[in-house]
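Let me begin by presenting the structure, written as structure tokens, before commenting on it.
The values are calculated or read from the model by the stated rules, or taken from the named source; none is laboratory data. From a predicted model like this one, the values you see are computed outputs, not experimental measurements. Cβ coordinates were reconstructed from backbone atoms using ideal geometry, including for glycine residues, and neighbour counts include every protein chain displayed.
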There are 2 protein chains.
Amino acid sequence: MERLTSYEITVMFLALGILLATARILAELVQRWHQPAVLGEILAGMLLGPTVLGALAPEWSAWLFPMQGNSALVLEGLTTLAIALFLLVAGMEVDLSTMWRQGKTAAAVGGAGLVVPFAVGLIAAWTMPWSLGWEGKLHPLLFALFFATALSISALPVIARTLMDLNLYRSDLGMIIIAAAIFNDLAGWIIFAMILGMMEEESGHGMGIGQTIGLTLAFAAGMLTIGRWLIHRILPWVKAYTSWPGGVLGFALALALLAAALTEYIGVHAIFGSFLVGVAIGDSSHLREQTRMVIHQFVSFIFAPLFFASIGLTVDFVRHFDVGLVLAVLAIACVGKVVGCGLGARWSGLSSREAWAVGFGMNARGAMEIILGLLALQFGVIHERLFVALVIMALVTSMLSGPMMQWCLGKKKGRALSSYLGARAFLNPLHAHHRDEAIATLVQAASASANLDPEAIVAAVQYREQLMPTGVGRGVAIPHARVEGITTPVMAVGLSRAGIDFDAADGLPAHLIFLLLTPPSDEGVQLDMIAEITHLFENDHMREQALEVNSYTEFLALIKSAGAG
Amino acid sequence: MERLTSYEITVMFLALGILLATARILAELVQRWHQPAVLGEILAGMLLGPTVLGALAPEWSAWLFPMQGNSALVLEGLTTLAIALFLLVAGMEVDLSTMWRQGKTAAAVGGAGLVVPFAVGLIAAWTMPWSLGWEGKLHPLLFALFFATALSISALPVIARTLMDLNLYRSDLGMIIIAAAIFNDLAGWIIFAMILGMMEEESGHGMGIGQTIGLTLAFAAGMLTIGRWLIHRILPWVKAYTSWPGGVLGFALALALLAAALTEYIGVHAIFGSFLVGVAIGDSSHLREQTRMVIHQFVSFIFAPLFFASIGLTVDFVRHFDVGLVLAVLAIACVGKVVGCGLGARWSGLSSREAWAVGFGMNARGAMEIILGLLALQFGVIHERLFVALVIMALVTSMLSGPMMQWCLGKKKGRALSSYLGARAFLNPLHAHHRDEAIATLVQAASASANLDPEAIVAAVQYREQLMPTGVGRGVAIPHARVEGITTPVMAVGLSRAGIDFDAADGLPAHLIFLLLTPPSDEGVQLDMIAEITHLFENDHMREQALEVNSYTEFLALIKSAGAG
């Protein structure tokens, strides 16, 4: 029996550990600049693979991530499993009812956002295949079809995260974009599955094209109707008769693996099966939030980084970088998608600003595009040059999506409470015996970090305090004022174990005192912050924990992990 | 570049899906009979591997789970990863502070529970190696050392679960057993790591034995002191500056993978590294419950079943079953452990009933033993015959542990609320307009399923109701009575949308009515059940959901997933 040697096991654990750590660290870094995590994950792969480490120390890179042999096979098996599970999670994010509710508009935007870029891509690839990376091997029509599909699929997870960042996720506009992206995703993947089927036939193995397409459509239709219905009936039974959440977790994953095997067998790649299982399971109201979360977090933070980092490992992004091709792909992709979706949105009656915002929102390609590109590379449909161009296109469109939507709508990015609090504006303990002293001390700390005149601010805060006390009860006070000369909010926090009277309605002294200074131009942010603080510290346990922190870092950790991000 | 073919990918997904589904289903089944999940998981492997499917349809078994080739390698890589992650979780369950708190008693029980079975095993294997499965290849001392270690290690996860089943986990006795098992685990694994090092030297590769033992002890000591201290310092920082819980999840897993690579390199197998990382991370109060849960659940319900099922795949349990060897191993293992731990407990001043209970509690070998056996099999230390005997010994001792402790202590098993409710005793809606009618209807339903005389029971329940009304408020009523002639409690539930007056203190009519009939002999169970129902339905959302269920199954699912399991 052939077995992994101890040496191979050592290398496997080392490679996985380094890959995961690097991917997670870079993902966190790029997220600081509000870029999608997938960018950092792919960068990690580039860093460790042929692009950087391979160029600087080829023997190290080849030792850690060999291109062949047992270790390479195991890593490939693992990343194949990872991508199937990632698609399961992506499918779970698809909310079919949202799509139905937005009905016509979603169909118009999603349809136009599929047809226009598809047409643009098809014409471009058909008329000038050589300059788009066709290398003469594949049938030109198949190449053009693949290229067109690759430009048409949006990346639902990236789009959803961008909308959340902009506080647009629950708005009407956000729902239209999400619904259109769901429509786009479903239709795009079905088309892609059919093209994969054609390629299988082209390459001589696999079943006939007619059979593959027929089975794919039957499987998709079955999964979204009977499959969905059955899962919704079976889930309560699984929950009732098995240990929780092990039963549901095992059920979801086993089903995804079996569906992946089925679609791989049909000839349309394993990910299509697990994606549809995700859609069908995610749609059931019987899937509890917590089970969803366990799958989502483990896959998003462990499997997805490993997979996307492995993308960076596959090719040398510097050697295969072709600036002309990258620009051409980028231009064709953006024009087709933005114009297509924008037109669809205009037809549905949205204003032109909103229509452009929808166009740029839908333009994000992110993860999906990259998976498509990888499959095409593995099937020999495209070569490294076009693969690199597609990956860069996917990343650039994802990065542009947020800023462009913001620009179209003239909207500020929603920021987390924790981002307004600097280390020097955290006073623990707050040395003050009464309200005025507390305000003066906190203002001093806040203005030091923002270069402001403390005296004017103290006066403004005290004036506001006289209008109505800011002790909101349960030991929390939020003195605040609008201050000229600042462009972003400034916060200072003081912890007082003895407590300071802020005239709260419940008569209790304040132990947690938040001073908020906001720019006069931004009406909403002050109310939002007050609401967020109040909500956060309604919880008794949260207040106790806050008073027990030993440092700024621990306080930050507390409010971040409580969901105030 | 060597790649997995589409065919191999299909088989991989199919094999994983079938393995996971079978393992989860059998684990659920054996848990119904209060047996450890690992038993069902290994049975699943036996069913699909050479033991059953391989005997009935060898070509199917070999096709799905080939013993060599790329698929076998990928499956081996995956299960190696799975076992390292399982040990990470097992390590996280080790609570060092519990061990310190129980101090002397834990050391006495854990120490005697390590030394006595070790001595018994060593003597047995040294004096009669042939009858214990030694096959002449390995140095007899090494074989005896391995055999002795294999008998000495307890299975913390199985012990913890058994204690929870018996409602003993938080008791003094439970804490002593847990603390002793932690001590036993830590010491046992360190000894085993050293023996592995010796085997590496014996087999001629790896570093020198002195170096391996030195590095192992240094790593273990470092991880439990400086490593633990550093992790406790780093965790708040990770929580504060990274997205949550992705940062902590990634940190924990990357660290476990790197430590696994390190210990594999030292020559003591990867699992030792991830186990110690688990101990160090799990010990930090900065690891929040939710992060712990995400890792724990995903690993316990996905990776662990895959790993233990793969154990069942490795050998033919029927062909290598040697009844004499199995009985000998079982006898030596039980005598050494039960007597050793029992003596330790007696010396520490426990009563003899309690001391026996501690002995049988510690006797459970479960998962740890099996992992040890697998490693020994892979290293060629033991052969299939002894491996099968060790696996069976591990399973039998785990299965005996709970019943034997119960018998020693004369304690009943704590049962879940849901286990008392039959489908025919669930009345939705409850057709009744006033209290007496409701009681009569529910008694009718309850007595039908338990063959009782309804009239006498109605009288008993109404008599109890007159003493003091059982409307506990918030729309819940719990009429109850002790009834002659039953041995286990009987419950009936009625849902009334209109509400029925049960004289609750808050004046509200009852919508959820629980009828409890308990045996007169069991004093505690009635109060426990009333407390559990009251606690469960204190939550507004829970009551709303209960009134919205459509079936018995949905109601069962609701109370089980709310933790009344």
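Numbers for the structure displayed
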read-out: Failed item, numbered, when B:LYS104 is tested on (1) surrounded by 15 or more Cβ atoms within 10 Å (Cβ to Cβ); (2) assigned by TED's automatic domain parsing to the domain that holds B:PHE192; (3) touching a residue at least 24 places away in the same chain (Cβ under 8 Å); (4) more than 24 Å from the chain's Cα centre (by Cα); value: (1)
read-out: Answer residue from the range B:288-309, given it is without any contact (Cβ under 8 Å) to a residue 40 or more places away in the chain and within 8 Å of another protein chain (Cβ to nearest Cβ) and is nearest to the chain's Cα centre (by Cα) among those; value: B:GLN297
read-out: Tally, over the range B:250-268, of residues that are buried (at least 22 other Cβ atoms within 10 Å of the Cβ) and at the interface with another protein chain (Cβ under 7 Å from one of its Cβ atoms); value: 7
read-out: Residue satisfying condition, being under 30 Å from B:GLY17 (Cα atoms) and more than 14 Å from every other protein chain (Cβ to nearest Cβ), within set B:ILE42, B:ILE83, B:ILE123; value: B:ILE42
read-out: Breaking point among (1) within 9 Å of chain A (Cβ to nearest Cβ); (2) modelled with pLDDT under 90, for B:ALA21; value: (2)
read-out: Test result for A:GLN466, surrounded by fewer than 22 Cβ atoms within 10 Å (Cβ to Cβ) and in contact with a helix residue (DSSP H, G or I) (Cβ under 7 Å, 6 or more places away or on another chain); value: no
read-out: A:SER61 being without any contact (Cβ under 8 Å) to a residue 24 or more places away in the chain and hydroxyl-bearing (Ser, Thr, Tyr); value: yes
read-out: Selection status of A:LEU88, within 14 Å of chain B (Cβ to nearest Cβ) and surrounded by 24 or more Cβ atoms within 10 Å (Cβ to Cβ); value: yes
read-out: Sole exception among (1) of a type outside the set (Phe, Trp, Tyr); (2) without any contact (Cβ under 8 Å) to a residue 24 or more places away in the chain; (3) surrounded by fewer than 22 Cβ atoms within 10 Å (Cβ to Cβ); (4) under 30 Å from A:ASN184 (Cβ atoms) for A:SER97, by number; value: (2)
read-out: One residue from B:GLY359, B:GLY312, B:GLY336, B:GLY342 being assigned to a helix (DSSP H, G or I), more than 14 Å from chain A (Cβ to nearest Cβ) and closer than 30 Å to A:GLY250 by Cβ; value: B:GLY312
read-out: Only one of A:GLY340, A:GLY324 that is surrounded by fewer than 21 Cβ atoms within 10 Å (Cβ to Cβ) and touching a residue at least 24 places away in the same chain (Cβ under 8 Å); value: A:GLY324
read-out: Some residue of the range A:269-287 being more than 19 Å from A:LEU186 (Cβ to Cβ), assigned to a helix (DSSP H, G or I), in contact with a Gly (Cβ under 9 Å, 6 or more places away or on another chain) and more than 10 Å from every other protein chain (Cβ to nearest Cβ); value: no
read-out: Hits in the range A:219-249 - residues which are assigned to a helix (DSSP H, G or I), facing another protein chain (nearest Cβ under 7 Å) and among the small types (Gly, Ala, Ser); value: A:ALA240, A:GLY246, A:GLY247
read-out: Answer residue from the range A:433-459, given it is among the small types (Gly, Ala, Ser) and modelled with pLDDT under 85 and is surrounded by the most Cβ atoms within 10 Å (Cβ to Cβ) among those; value: A:ALA446
read-out: Residue that is modelled with the lowest pLDDT, among those in the range A:1-17 that are out of contact with any Phe, Trp or Tyr (no Cβ under 9 Å at 6 or more places or on another chain) and surrounded by fewer than 23 Cβ atoms within 10 Å (Cβ to Cβ); value: A:MET1
read-out: Unmet criterion (only one of (1) surrounded by 18 or more Cβ atoms within 10 Å (Cβ to Cβ); (2) within 11 Å of chain B (Cβ to nearest Cβ); (3) part of a helix (DSSP H, G or I)) for A:LEU29; value: (1)
read-out: Residue tally, condition of a type in the set (Asp, Glu) and assigned to a loop (DSSP other than H, G, I, E, B), over the range B:362-372; value: 0
read-out: Hey, B:LEU512 under 28 Å from B:SER551 (Cα atoms), surrounded by fewer than 22 Cβ atoms within 10 Å (Cβ to Cβ) and assigned by TED's automatic domain parsing to the domain that holds B:ARG543 or not; value: no
read-out: Selection count where residues are under 17 Å from A:TRP229 (Cα atoms) and assigned to a helix (DSSP H, G or I), scope the range A:73-106; value: 5
read-out: Cβ pairs under 8 Å, 6+ apart, first in the range A:350-365 and in the same structural domain as A:THR149 (by TED's automatic domain parsing) and more than 19 Å from A:GLN35 (Cβ to Cβ), second of a type in the set (S, T, N, Q) and surrounded by fewer than 24 Cβ atoms within 10 Å (Cβ to Cβ); value: A:LEU350/A:THR105
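For (1) in contact (Cβ under 8 Å) with a residue 60 or more places away in the chain; (2) closer than 21 Å to A:ARG543 by Cβ, each residue gets a yes or a no:
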| residue | (1), (2) |
| --- | --- |
| A:ILE457 | yes, no |
| A:THR470 | no, yes |
| A:ILE478 | no, yes |
| A:GLU484 | no, no |
| A:MET491 | yes, yes |
| A:SER496 | yes, yes |
| A:ASP501 | yes, yes |
